[in-house]
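Scroll down for the structure; my scribbles are underneath it.
Computed from the coordinates by the stated procedures, all read-outs in this text should not be read as laboratory data. Being a predicted model, the structure only gives us computed values, none of them experimental. Positions of Cβ are backbone-derived with ideal geometry, glycine not excepted, and every protein chain shown enters the neighbour counts.
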Amino acid sequence: MSEIEFPKKALFMCNGSKCGKHKDLKKYFKKVIKEQGLKNEVEIFKMECSDRCKCAPILYDQFANQWHEKVNLSQAEKIINKMKS
């Protein structure tokens, strides 16, 4: 058994030049994860450019095995709510 704790759920956020400009989205996820006590369950990972800049910001929800494009704060709230259930 590993001594390292791994999250059950992960969000991968593109950190390319266009997606990386959406810092408000990353701040939102970090804030909500902390406020709702999901810090040990959900982790955010930066990923290299996915070369889908026309659809920025790009997000991959590992738990739902789903890609999201042009993510805004309203969509981010829905993603978090799905991860809580």
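Laid out as a table, the results:
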item: Candidates L73, L59, filtered to the one that is touching a residue at least 12 places away in the same chain (Cβ under 8 Å), farther than 21 Å from F6 by Cα and within 12 Å of the chain's Cα centre (by Cα); result: L73
item: Count - residues of the stretch 4-33 that are within 23 Å of C49 (Cβ to Cβ) and part of a helix (DSSP H, G or I); result: 11
item: Count of the stretch 17-49 residues which are over 14 Å from the mean Cα position of the chain (by Cα) and more than 13 Å from K70 (Cα to Cα); result: 6
